[in-house]
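Novice: Take a look at the following structure, please.
No lab work stands behind these numbers, since they all come straight from the coordinates. Source: prediction; values computed, not measured.
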Amino acid sequence: SLLKERGGALSSSETLNMRTRVSSMLGCLVGRLHSQGIVHGDLRLGNILIKGWGGDAPAFYLIDNERNACFKKIPMNLIVKNLVQVNMVLAPCVGPAVRMRFFRAYIREFPLMYANKKALAKEVSLITERRLRKKGRELVRKKSD
């Protein structure tokens, strides 16, 4: 919604800056949650709110928290599930570069995943593509920025 509502009124460099900040900040948030053993029960983008976008430090709020869980060690299937949920966004402005920026920020905040980052990225991508195909949709393949 942020990109759709405000993106049209911004220059292409401002839109690129917005995508860069949102994807990096969201990757850091999810990585931090996972590094602390927290899994969100439904981490689709409709359950992530941003407040104070124009300022220096916008805040993210996660809603629909009744199925959240905390673990000493998160099961890998739940990590993958959360990453797929975030990755399910389909928009022309969210291409491979934006997705990779999210993933790099995620790995920085959750360094335990670094050794398996390629396998994790591939699994998340494959599952995302499979889920989207079931819905009759596809990921954007062209580079977005």
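Novice: Taking H placed 1.01 Å from N in the peptide plane, check which residues at least 5 places from residue 68 or on another chain put their amide H under 5 Å from its amide H.
Specialist: The list, which skips near neighbours in sequence, is 41.
Novice: Sequence gap of 8 or more, or different chains, plus Cα separation below 22 Å: how many lysine pairs satisfy both in segment 70-145?
Specialist: Total qualifying Lys-Lys pairs in segment 70-145 comes to 19.
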